[in-house]
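Each remark here refers to the structure printed beneath this line.
Read the figures in this text as sums done on the coordinates, not as results from a lab. From a predicted model like this one, the values you see are computed outputs, not experimental measurements. When we count neighbours, we look across all protein chains shown, and the Cβ atoms used for this are built from the backbone with ideal geometry, even at glycine.
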Amino acid sequence: MDRPTRALIVIDVQNEYFTGELPIEYPPVEISLNNIIRAMAVAKKEGIPIVVVQNSAAENSPVFARGSKGWALHPEIQRQHHDLLIEKRLPDAFAETALMAWLKDRQINTLTIVGYMTHNCDASTIYHASHAGFSVEFLSDATGSLPYENQAGKATAEEIHRVFSVVFHSRFAAAASTAEWLKAVENKQGIAGGNILASNHKARGLKS
């Protein structure tokens, strides 16, 4: 998209993912946090609205219990400028919140997603935003995953993050590095995503 009107959506950068029960493993959380802060600083400088999203659960929940240390925003995020704070109880940042109306009031057409987790709250928000007609950018080194094992099998944090990034870029969001995004912001340009046909053809060694 030429000359996009962006908003930066900072999803769930909370202590639970750093010192709590759900430590982010890939990319290393120190790298993703640093890139989130870089993106927020440039967004403030460029006048890009910043939305901070905070996940909340019941006070007796083992994770993200409202008012707990794990629920609190990471101290570095607390120090940054933001234009709107959204508290949510579901993975999707649009679900049961005022986010959609706030974005439409400001004629935002492009969302840049950073924060956690790639495969859960980021994914839910990206799918909703894409279906609602927004262009979406996913900063793959300013986001992250953790490993899972359950009855369906197991996957490392790297596998989950990588596969979701590839799927996003095939249709739902342009996956890019923070450095690529900073350059696009400086040049007032969008970031191109891919498509399903081209992604599949490339994987099969075919010409699109």
message = Quick check on my filter: what residues within region 129-143 are surrounded by fewer than 19 Cβ atoms within 10 Å (Cβ to Cβ) and either in a helix (DSSP H, G or I) or in contact with a strand residue (DSSP E or B) (Cβ under 7 Å, 6 or more places away or on another chain) (or both)?
response = Ser130, His131
inquiry  = Restricting to region 30-56, and then to whatever is in contact (Cβ under 8 Å) with a residue 60 or more places away in the chain, crowded, with 20+ Cβ neighbours inside 10 Å and among the β-branched types (Val, Ile, Thr), can you tell me which residue is nearest to Leu90 (Cα to Cα)?
reply    = Val53
task = Evaluate the following for Leu146: is it buried (at least 20 other Cβ atoms within 10 Å of the Cβ) and either farther than 27 Å from Glu30 by Cα or in contact (Cβ under 8 Å) with a residue 60 or more places away in the chain (or both)?
result = yes
ask   = Taking region 157-192, which residues are of a type in the set (Gly, Ala, Ser), in contact (Cβ under 8 Å) with a residue 40 or more places away in the chain, crowded, with 20+ Cβ neighbours inside 10 Å and not in a helix (DSSP H, G or I)?
value = Ala173
ask   = Looking only at region 1-45, which residues are in a loop (DSSP other than H, G, I, E, B) and farther than 17 Å from Ser140 by Cβ?
value = Met1, Arg3, Pro4, Thr5, Phe18, Thr19, Gly20, Glu21, Leu22, Pro23
task = Return yes or no: is Ile113 assigned to a loop (DSSP other than H, G, I, E, B), buried (at least 19 other Cβ atoms within 10 Å of the Cβ) and of a type outside the set (Asp, Glu)?
result = no
